[in-house]
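Note sheet for the following structure.
The values are calculated or read from the model by the stated rules, or taken from the named source; none is laboratory data. Since this is a predicted model, take the numbers as computed values, not measurements. Here the Cβ positions follow ideal geometry from the backbone for every residue, glycine too, while neighbour counts run over all protein chains shown.
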Amino acid sequence: MARPARPKRHLAAEIAAAIRAGAHRSGEWLRQVDLEERLGATRFDVRAALAELALRGTVEHVPNRGFRVATPDRARLRAMLEVRALLEAEAAVSALPHIDAAALRLLEAKADAFDRAVAEGTMTEQSATNLDFHDTLYGFAPNRALVEVATETRDRARLWPLVLWPSARALRRSAEGHREILAALRARDAAALAASVRVHILGSAANDPALDTEGEGVASR
């Protein structure tokens, strides 16, 4: 009996995740031999993954030197946030017809979890519960390709390593944004839902720290 084929690894995603987690700093050179050893991958596969990340803007290829972690271009990141807002608003609106009472209770529980993390959780817990709220909402959207592209764009539109919410005020505003999204879902108001998702993304100091004016230097996203 033939063995089932092993799922193909997505090395580019693994390297990007390490960068987002802070394993590599902005401008740091990525030694392919180190990546080969750590990932247990071939030189060809690692180079292909780095080439893919260079196309996405995650790393930069310097001829005759190699690859290094890209320095964030804030203008480009802001443009990517606009794309992200469009995609996530559409994902939320397409999920709306599939949000019943049980789904609303689930989303309310996810928002409660983020509130608790804001009050007393770690940076990791705040980031995880925030993403869990959004991923749960978009999980009700029937167009899985839309959700996948929205998630990928979210990753590409975030500063690396892990972006910080610059103040307690910014954290509270994110929590309020979840409640505004929930209110639009309860009202079955597609226009209000799209607007609340858009404002939540584009108005978040986690996505653009320049939007924050309090400057307390708190936690993460």
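See the values below:
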{"item": "Unique residue being among the hydroxyl-bearing types (Ser, Thr, Tyr), under 17 Å from the mean Cα position of the chain (by Cα) and outside the structural domain of Ile201 (by TED's automatic domain parsing) when the list is Thr42, Thr58", "result": "Thr58"}
{"item": "Qualifying residue in the range 22-42 (condition: without any contact (Cβ under 8 Å) to a residue 12 or more places away in the chain and among the polar types (S, T, N, Q))", "result": "yes"}
{"item": "Count - residues of the range 116-138 that are in a loop (DSSP other than H, G, I, E, B) and crowded, with 16+ Cβ neighbours inside 10 Å", "result": "1"}
{"item": "Pick from the range 13-28, criterion of a type in the set (D, E, K, R) and assigned to a helix (DSSP H, G or I), ranking: farthest from Met123 (Cα to Cα)", "result": "Glu14"}
{"item": "Matching residues in the range 70-105 - criterion: being in contact with a Pro (Cβ under 9 Å, 6 or more places away or on another chain) and among the aliphatic types (A, V, I, L, M)", "result": "Ala95"}
{"item": "Residue match in the range 93-101 (condition: farther than 17 Å from Glu176 by Cα and outside any helix (DSSP H, G or I))", "result": "yes"}
{"item": "Meets criteria (free of Cβ contacts under 8 Å to residues at least 40 places away in the same chain and either of a type outside the set (Ser, Thr, Tyr) or surrounded by fewer than 21 Cβ atoms within 10 Å (Cβ to Cβ) (or both)) for Ala113", "result": "yes"}
{"item": "Some residue of the range 72-80 being touching a helix residue (DSSP H, G or I) at 6+ places or on another chain (Cβ under 7 Å) and in the same structural domain as Pro166 (by TED's automatic domain parsing)", "result": "yes"}
{"item": "Residue within the range 123-141 that is farther than 13 Å from Ile181 by Cβ, modelled with pLDDT of 95 or more and among the aliphatic types (A, V, I, L, M) present", "result": "yes"}
{"item": "Matching entry among Leu107, Leu81 (being buried (at least 17 other Cβ atoms within 10 Å of the Cβ) and closer than 18 Å to Leu185 by Cβ)", "result": "Leu107"}
{"item": "Qualifying residue in the range 21-37 (condition: of a type in the set (A, V, I, L, M, F, W, C), modelled with pLDDT of 85 or more and farther than 21 Å from Asp155 by Cβ)", "result": "yes"}
{"item": "Test result for Asp112, at pLDDT 85 or above, in contact with a helix residue (DSSP H, G or I) (Cβ under 7 Å, 6 or more places away or on another chain) and of a type in the set (Asp, Glu)", "result": "no"}
{"item": "Failed item in (1) under 18 Å from Ala195 (Cα atoms); (2) free of Cβ contacts under 8 Å to residues at least 12 places away in the same chain; (3) of a type outside the set (Val, Ile, Thr), with Met80 passing the rest", "result": "(2)"}
{"item": "Residue check for Ala175: in contact (Cβ under 8 Å) with a residue 24 or more places away in the chain and within 19 Å of the chain's Cα centre (by Cα)", "result": "yes"}
{"item": "Hits in the range 195-219 - residues which are under 18 Å from the mean Cα position of the chain (by Cα), in a helix (DSSP H, G or I) and modelled with pLDDT of 75 or more", "result": "Ser196, Val197, Arg198, Val199, His200, Ile201, Leu202"}
